[in-house]
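Accompanying notes for the structure given below.
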Amino acid sequence: MKLDRFSALQALLVPVLVVLAGCNKPNAMGEASSLIVVAADSLWQQVEDQTYEVLEPVIYTTRDEKQYQVQPIDPHHPAFNDLRIMRNVIVFGIDQDTLFQELAEAAGIELGDIQPGRVFQVQNHWALGQVVTAVFLRRGDEVNSWVGALPSVLNAIDESYRAYVLRRMFATPPDTALAADLGRRFGFSLQIPLLYDRIARETDGGDSLFLARNHNPDPSQLIRSVLVTWRPRVDSLSKDLALAWRSEIDETQYNIAQGIDDSNSSVISFDLNGHQALEVTGVWRDERGDFPAGGPFIVWLVNCPTRTYFIDAYLYAPNKPKYEFMLQLQQILGSFECVRPD
């Protein structure tokens, strides 16, 4: 891959590198979903296709979308001194590589004590808020040991990325008082960051709907929404029930009526703390048709002892990668608990 596109980035990083040369480390730069892969060009050419295939997995949101973006860099290339302060760096190396020895020392690892294929991570090595993932290759068999380690590398990257997403999400802590109040009033609990707006709406039967919404910095740029409502417990959970229920809700509770595209939907039955549950995914689109708004949604149906809860999480993030925001919504969904009312 050509490095020409780094020229503008290097210009922006020059002031930061002055700090790196001094006593203090700079803050890490770039997106956490951007993976800077450090390896000699001669080796990269032999593993390029396999690396893209494994480290750029595709998920479906409103279309196929890569979870991560890989950019290779030779450690001897002039751009390396700039790119080493990016947020997510991966270094492949053998025991004779000075750079790899530096990382092993920072991690407190003796290279003679570990086997090729070992993956370890170093925090804040060249920049604050940075994760460097190091991959130990077998000398003389670098290609095979590189390819064999890729699934472990992806697991390490995804684990650290998810932790990063949660730190950002809970920069303001979860609202524990709200969670207790929801349990007392409505029989369920959710862990929601304090910065989410929240509304309990009344219907003819009393309080029967809870809505939490985060539209920072502006609703035209980003909306994360979680809605919970309920009915008397049903005998069977199904995709048809989930989508029919969602159609009723979006027409009355959302700012715009949302048409449903389930052509790429997934349906998963699972156990939630001993309770039967179902997940259905899909894509919503503005039914008015005068503005091409849309985004992914996740619906959960959960059978609690006396009620079936309907939980709808949807995202609006035009022209943005959506993986991070979908992880945030999944975290909120995963915090749902049936709580027996007083």
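The values are calculated or read from the model by the stated rules, or taken from the named source; none is laboratory data. Fair warning: this is a prediction, and the values are worked out from it, not measured in the lab. All Cβ positions, even for glycine, are placed from backbone atoms using ideal geometry, and neighbour counts span all protein chains on display.
Descriptive notes on the structure:
- In region 175-200, the residues that are farther than 20 Å from Pro232 by Cα and basic (Lys, Arg) form Cβ pairs under 9 Å with partners that are modelled with pLDDT of 90 or more and assigned to a strand (DSSP E or B), at six or more places apart or across chains, as follows: Arg198/Phe210; Arg198/Leu211; Arg198/Ala212; Arg198/Arg213.
- Pairs with Cβ under 7 Å, 6+ apart, first in region 123-141 and touching a residue at least 40 places away in the same chain (Cβ under 8 Å) and more than 26 Å from Glu31 (Cβ to Cβ), second of a type in the set (Gly, Ala, Ser) and in a loop (DSSP other than H, G, I, E, B): Phe136/Gly117
- Residue satisfying condition, being closer than 27 Å to Lys66 by Cβ and either in the same structural domain as Ile332 (by TED's automatic domain parsing) or among the aromatic types (Phe, Trp, Tyr) (or both), within set Pro151, Pro193: Pro193
- The number of residues in region 167-197 being part of a strand (DSSP E or B) and farther than 16 Å from Asn214 by Cα comes to 2.
- Only listed residue being of a type in the set (S, T, N, Q), over 30 Å from Val91 (Cα atoms), modelled with pLDDT under 90 and exposed (fewer than 15 other Cβ atoms within 10 Å of the Cβ), chosen from Thr176, Thr203: Thr203
- Residue match in region 235-255 (condition: touching a helix residue (DSSP H, G or I) at 6+ places or on another chain (Cβ under 9 Å), assigned by TED's automatic domain parsing to the domain that holds Lys320 and hydrophobic (A, V, I, L, M, F, W, C)): no
- Residues of region 299-333 that are under 19 Å from Ile249 (Cβ atoms) and of a type in the set (S, T, N, Q): Asn303, Thr308.
- Filtered residue count, region 96-119, keeping only those that are farther than 24 Å from His77 by Cβ and either outside the structural domain of Lys25 (by TED's automatic domain parsing) or not charged (D, E, K, R) (or both): 9
- Scanning region 290-330 for residues that are assigned to a helix (DSSP H, G or I) and either more than 16 Å from Ile223 (Cα to Cα) or of a type in the set (A, V, I, L, M, F, W, C) (or both) yields a total of 4.
- Test: residue in region 242-264 that is closer than 18 Å to Gln67 by Cα and either out of contact with any Lys or Arg (no Cβ under 8 Å at 6 or more places or on another chain) or assigned to a helix (DSSP H, G or I) (or both): yes
- Unique residue being touching an Asp or Glu at 6+ places or on another chain (Cβ under 6 Å) and of a type in the set (Gly, Ala, Ser) when the list is Ala313, Ala293, Ala317: Ala293
- Within region 146-173, the set of residues being among the polar types (S, T, N, Q) and either closer than 30 Å to Ile114 by Cα or at pLDDT 90 or above (or both) comprises Ser152, Asn155, Ser160.
- Any hit, region 167-183, residues being under 18 Å from the mean Cα position of the chain (by Cα), under 22 Å from Gln328 (Cα atoms) and among the aromatic types (Phe, Trp, Tyr): yes
- Restricting attention to region 255-277 and to residues that are touching a residue at least 40 places away in the same chain (Cβ under 8 Å) and more than 23 Å from Glu337 (Cβ to Cβ), the residue that is nearest to the chain's Cα centre (by Cα) turns out to be Asn264.
- Among residues of region 77-92 that are at positive phi, none has a Cβ under 6 angstrom from a residue that is small (Gly, Ala, Ser) at a sequence gap of 6+ or on a separate chain.
- Top-ranked residue of region 282-307 - restricted to ones that are among the β-branched types (Val, Ile, Thr) and buried (at least 19 other Cβ atoms within 10 Å of the Cβ), ranked as nearest to Ala244 (Cα to Cα): Val299
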